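The structure appears below as structure tokens.
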Amino acid sequence: MTYDEIGNPITSGSKTFEWCGRQLERITDGDNTYVYAYNTDGDRVSKTVNGVKTEYFYN
């Protein structure tokens, strides 16, 4: 496993991780891609896996 300068993992086995600060934005694992989106409060509002989007709502 390798890490960036602030301690986020950037590789683990076949997986690569992309970060914006402490927010995980993307995981790539072979043919699979996971993309995460956040609102201005830092809450995760969606996850897209291989083009299929799941949205999260908070109340």
Is there any pair with a first residue in segment 29-43 that is on the phi < 0 side of the Ramachandran plot and a second that is assigned to a loop (DSSP other than H, G, I, E, B) and not β-branched (Val, Ile, Thr) whose Cβ atoms are under 7 Å apart and which are 6 or more apart or on different chains, and what are they?
-> Asp29/Ser14; Asn32/Asn50; Thr33/Asn50; Asp43/Tyr58
Filter segment 13-42 down to residues that are out of contact with any strand residue (DSSP E or B) (no Cβ under 8 Å at 6 or more places or on another chain) and more than 22 Å from Phe57 (Cα to Cα), then give me how many there are.
-> 4
Of those in segment 5-38 that are among the hydrophobic types (A, V, I, L, M, F, W, C) and in a strand (DSSP E or B), the residue surrounded by the most Cβ atoms within 10 Å (Cβ to Cβ) is Phe17
Within segment 20-32, tally of residues that are under 20 Å from Asp4 (Cα atoms) and out of contact with any Asp or Glu (no Cβ under 6 Å at 6 or more places or on another chain) = 8
So, in segment 2-12, of the ones that are touching a residue at least 12 places away in the same chain (Cβ under 8 Å) and of a type outside the set (Val, Ile, Thr), which residue ends up nearest to Thr54 (Cα to Cα)?
-> Asn8
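Quick note: the coordinates plus some simple rules give every number you see, no bench work behind them. Computed from a predicted model, the values in this text were never measured in an experiment. With ideal geometry, Cβ positions are generated from the backbone for all residues, glycine too; neighbour counts draw on all protein chains shown.
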